[in-house]
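The values are calculated or read from the model by the stated rules, or taken from the named source; none is laboratory data. In this text, all values refer to a predicted model and were calculated from it rather than measured experimentally. A quick note on method: Cβ atoms are made from the backbone with ideal geometry, for glycine too, and the neighbour counts reach across all protein chains shown. Accessible surface is based on the protein model in full, side chains and every heavy atom, while ligands, DNA and RNA are left aside. Shrake-Rupley method; radii C 1.70, N 1.55, O 1.52, S 1.80 Å.
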Amino acid sequence: MRRREFITSVAGAVAGIGCGSEPAAPDEAGQAARLTVDFHQHTNYKGRSDDELVAHQRKMGVDLTVLLPAGSRYGLAAEAYGNDSVVALAERFPAEFVWFANELPDIEQTRPVLERYLGLGAKGIGEQKFPVACDSEAMQLVYSIARDYQVPVLIHFQHEAYNTGIERFQAMLEKFPTVDFIGHAQTWWGNIDAKHEQSVMYPKTPVTPGGITDRLLSDYPNMYGDLSAGSGLNSMLRDEEHARGFLERHQDRLLWASDCNDTIGEGQDCIGAKGLAAVRRLCSGDSMLGKILGGNAARVLKLV
């Protein structure tokens, strides 16, 4: 089965969740490990059009992209559009896009909105990027919905801004052991360092292993890391010797992603292309690279 045909088949399966769709055959599982999956993109990112996004992803050589909508308020600080926009783009290009559902965690509409779009075929919840604590009652409602629908949650951790209290997140992993959590953003990636100063968003110093993020990825099989954006790229480039060991150590828990608002898909202004190049350079072999570029994503998304 050619790659594009395989993607079409799994994208078609998304629409059939809950309708008795059969699991992928073993050869399809092997094919998934060779895909390049971008786990983090947005519609209307800083005004970028859908057609520009499609061209950007194709230029980077991405096979399948996860679209993350904004909630009904706030645009994820990126002017991103909401649930209906990601559904519409995925319907235009079902072989190239899957999508998550999203809503603010602390409003009356949280449950009905998330459940509506999960029922329509959303593959997860996120990007959760709202001014609440990561272990708040509101976020625990989101986690419980993810548990009930058996989907992952992607969380933006940013000190004193979004999903605060990362030092307490271990308790959520223990309380919701069947939910796959995906960490992202400045505070998530800063905490690969045991000596991280929480107020620093893009640290440049060498890394001392054993930070909060390092420990969560090591100790909890339901914790994953989204390598996107300037924060993910910085985590690899600030100390490449550490990055090689970190990628090796957590190769089953890391997801390549772009979170890039560039319109070209290459060059020094494209964080997605730079992150992709860094992962390819720092991974020690094809098996490890295949997991981070697509195999882990296919497993988390339940495409295989």
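Taking only protein heavy atoms and a 1.4 Å probe, what accessible area per residue, in Å², does the chain have with all protein chains in place?
Values: 12380 Å² over 304 residues.
Heavy-atom SASA per residue in the chain reads 41 Å².
Residue 287 versus residue 244, label points 7 Å from Cα toward the beta carbon: distance in nm?
According to this spin-label approximation, the distance is 1.9 nm.
Mind checking region 161-252 for trypsin sites (Lys or Arg not before Pro) that DSSP puts in a loop (not H, G, I, E or B) and that have at most 16 other Cβ atoms within 10 Å?
195, 204
Got a sec? Charge dipole of the chain, +1 on Cβ for Lys and Arg, -1 for Asp and Glu; which of 36, 152, 231 is way out at the positive end?
Value: 36.
Order these peptides, 140-147, 110-117, 66-73, by their mean beta-carbon neighbour count within 10 angstrom, highest first.
Values: 140-147: 19.1, 110-117: 17.4, 66-73: 23.2.
Packing proxy ranking, top to bottom: 66-73, 140-147, 110-117.
Report the Cα centroid-to-centroid distance between region 173-219 and region 33-82 in angstrom, as an integer.
Region 173-219 and region 33-82 have Cα centres spaced 24 Å from each other.
I'd like the carbon and sulfur percentage of the solvent accessible area for the chain, probe radius 1.4 Å, heavy atoms only, ligands and nucleic acids excluded. Don't jump to the answer; show the numbers that get you there.
On the way: 6070 of 12380 Å².
About 49 percent, which is the carbon plus sulfur part of the accessible surface.
Just how many % of Cα pairs in the chain lie over 32 Å apart, if you round to the nearest whole percent? Walk me through the numbers on the way to the answer.
Numbers: 8421 of 46056 pairs.
Every Cα pair in the chain considered, those over 32 Å come to 18 percent.
Let me spell out the model: positive unit charges on the Cβ of Lys and Arg, negative unit charges on the Cβ of Asp and Glu, origin at the Cα centre of the chain. What dipole size does that give, in debye rounded to 20?
On the way: 30 positive and 40 negative charges, 94 e Å.
Value, rounded to 20: 460 debye.
Within the chain, how many Lys pairs that are eight or more residues apart, or on different chains, come under 15 Å at the alpha-carbon?
Lysine pairs meeting the criterion: 4.
I need to check one value: relative contact order of the chain, counting alpha carbon pairs closer than 8 Å and at least 6 residues apart, in percent.
Values: 631 pairs, mean separation 56.7, N = 304.
Reported as a whole number, the value is 19 percent.
Assuming R0 = 35 Å, what is the FRET efficiency of residue 160 and residue 269, from their Cβ-Cβ distance, to the nearest 0.05? Display every interim value, and only then the final one.
Working: r = 29 Å, r/R0 = 0.82.
Calculated transfer efficiency: 0.75.
Per DSSP H run of at least 4 residues, take -39500 (n - 2.57); add these up for the chain, divide by its residues and hand me the 222 nm value, nearest 500 deg cm²/dmol.
-11500 deg cm²/dmol
Treating only the Cβ of Lys, Arg, Asp and Glu as charged (+1, +1, -1, -1), what charge dipole size does region 156-235 show about its Cα centre? Round to the nearest 20 debye. Mind showing how you got there, number by number?
Values: 5 positive and 9 negative charges, 16 e Å.
I would put it at about 80 debye.
Using 0.36 nm per residue, how much length does the chain from residue 115 to residue 202 gain when fully extended, once their Cα-Cα distance is taken away? Please list the in-between numbers first.
Working: separation 87, 0.36 × 87 = 31.32 nm, distance 3.55 nm.
Here the answer is 27.8 nm.
Note down the magnitude of the dipole of region 179-303 about its Cα centre, charges +1 on Lys and Arg C-beta and -1 on Asp and Glu C-beta and zero elsewhere, to the nearest 20 debye.
Details: 13 positive and 16 negative charges, 42 e Å.
Value, rounded to 20: 200 debye.
For residue 73 and residue 218, what is the calculated FRET efficiency with R₀ set at 35 Å and r taken between the beta-carbons, to the nearest 0.05?
The formula returns an efficiency of 0.45 here.
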